[in-house]
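So the structure is just underneath, and the comments pick up after that.
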Amino acid sequence: MFVVHREHFEQLVADALDSLPPDLGKAMENVAILVEDHSPGHRLFGLYEGIPLTKRGPESYAWVTPDRITLYQEEICSVCSTEADVVEQVRKTVIHEVAHHFGISDPRLKELGWG
């Protein structure tokens with residue numbers, strides 16, 4: 001396990017978001033990005049909660065709270081042995097969860113190598 005201070009981990013998350021293509025970042029709507037220490041129950045690196053863009057409509061997306069992407073710092077760091085590993089895993093997790101926001105399923109992400 002490679003230990004990273006919370007502030008630095010949050011910066012790595014911000015860097016991963018900044019590394020997304022600009023058009024993709026502009027297309028993200030109503031999404032809060034959070035960092036938690038550990039995932040409740042299941043061992044997850046990240047979790048997307050919300051209504052994907054592909055499922056939104058005038059009736060299904062009125063007056064809703066922002067979607068949430070949560071990254072779980074302890075789970076990510078537990079599989080890393082260097083800071084470079086943490087950077088890579090954070091970026092992979094951010095891309096995976098952002099893909100869910102755009103309606104891409106887990107099976108499709110696995111096909112693409114992001115599962």
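The values are calculated or read from the model by the stated rules, or taken from the named source; none is laboratory data. The structure presented is a predicted model; accordingly, all values stated were derived computationally and were not measured. Reconstructed Cβ throughout: ideal geometry from the backbone, glycine too, with neighbour counts over all protein chains shown.
Condition check for Lys110 on (1) modelled with pLDDT of 95 or more; (2) exposed (fewer than 15 other Cβ atoms within 10 Å of the Cβ); (3) of a type in the set (D, E, K, R): one failure, at (1). For the stretch 2-56, the set of residues classified as without any contact (Cβ under 8 Å) to a residue 60 or more places away in the chain and hydroxyl-bearing (Ser, Thr, Tyr) consists of Ser39, Tyr48, Thr54, listed by residue number.
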